[in-house]
1. Please report, in debye to the nearest 20, how large the charge dipole of the chain is about its Cα centre when each Lys and Arg carries +1 at its beta carbon and each Asp and Glu carries -1 there.
2. Tally Lys/Arg at +1 and Asp/Glu at -1 over every other residue whose Cβ is under 11 Å from the Cβ of H75; what's the total?
3. Build a GNM of the chain with springs between Cα atoms under 10 Å: which of L111, L60, L78 gets the top mean-square fluctuation?
4. Which of A64, S102, A166 sits farthest toward the positive end of the charge dipole of the chain, with +1 on the Cβ of Lys and Arg and -1 on the Cβ of Asp and Glu?
5. May I ask for the net charge around F153, where only other residues with Cβ less than 14 Å from the Cβ of F153 are counted and Lys, Arg are +1 while Asp, Glu are -1?
6. Keeping all protein chains in position, work out how much accessible area L67 exposes to a 1.4 Å probe, and write it in Å² to the nearest 10.
7. Contact order normalised by length for the chain, with contacts defined as Cα pairs under 8 Å and 6 or more residues apart; what percent is it?
8. Can you give the local net charge around L165? Use residues other than it whose beta-carbon is closer than 14 angstrom to its beta-carbon, Lys and Arg +1, Asp and Glu -1.
Amino acid sequence: DYDAGNSLHAGSFGDTVLGGKLNLWGDESGDNTWETAMAIQPQFKIPTARNDAGNGYFELEVAAPFLMNLPAGFHLGLQPGVSYERNSENIGYITGFPMSISVDRVVIGNLDVYLEYACDPTREKHVETEQTIDVGGTYPLTDNIVLDTGVNFGLNRVSNNVEVLAGISFRF
């Protein structure tokens, strides 16, 4: 649909991502400054989006999230990864190297808010890297169930202008 300002608006249910996380180290019992944690996090994308909102193919990513507790209750997160994803023309697969850096802090009760820079460079030649600034929050319903929501703002022409996301995580 086009509005009076001639900008395109599209909305759709996106792809479904399933994954897991295996902690390599880190103690969740404390929030001592400078303590660290690291994990391995595989994710598998199932193409559930309509054609105008997704690429219609399965994709895989394995990340290595790293967390460091900072002073004043802040946390620094780094998440490098490697992915097997569709190329820009959606005619084959390429290797990607997604990366994010974030800062978060619990602000009210158990509500944790974050600010993140994310990018997804690939081995594909002559293709601009997607880049976003992301804001959002997580809220634990129980010790083992966490809700999350956020908004991602594209920083360049190859990134979506705005993406809204929501999710739920279960710990086993």
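The values are calculated or read from the model by the stated rules, or taken from the named source; none is laboratory data. Everything quoted here is computed from the prediction, not taken from an experiment. Counting neighbours? That spans all protein chains shown, and the Cβs are built from the backbone with ideal geometry, glycine included. These area figures cover heavy atoms from the full protein model, side chains too; ligands, DNA and RNA do not enter into them. Shrake-Rupley method; radii C 1.70, N 1.55, O 1.52, S 1.80 Å.
1. On the way: 9 positive and 23 negative charges, 54 e Å.
For the chain, the charge dipole is close to 260 debye.
2. Values: positive: R105; negative: D31, E35, D104, D112.
Result for the neighbourhood of H75: -3.
3. L111
4. About the Cα centre, the residue reaching furthest to the positive side is A64.
5. Working: positive: R157; negative: E116, E130, D134, E163.
Spelling it out: positives minus negatives among the neighbours equals -3.
6. L67 exposes around 60 Å² with every protein chain in place.
7. Working: 401 pairs, mean separation 19.7, N = 172.
The normalised contact order for the chain reaches 11 percent.
8. Numbers: positive: K45; negative: D15, E116, D134, D148, E163.
Net local charge, L165 excluded: -4.
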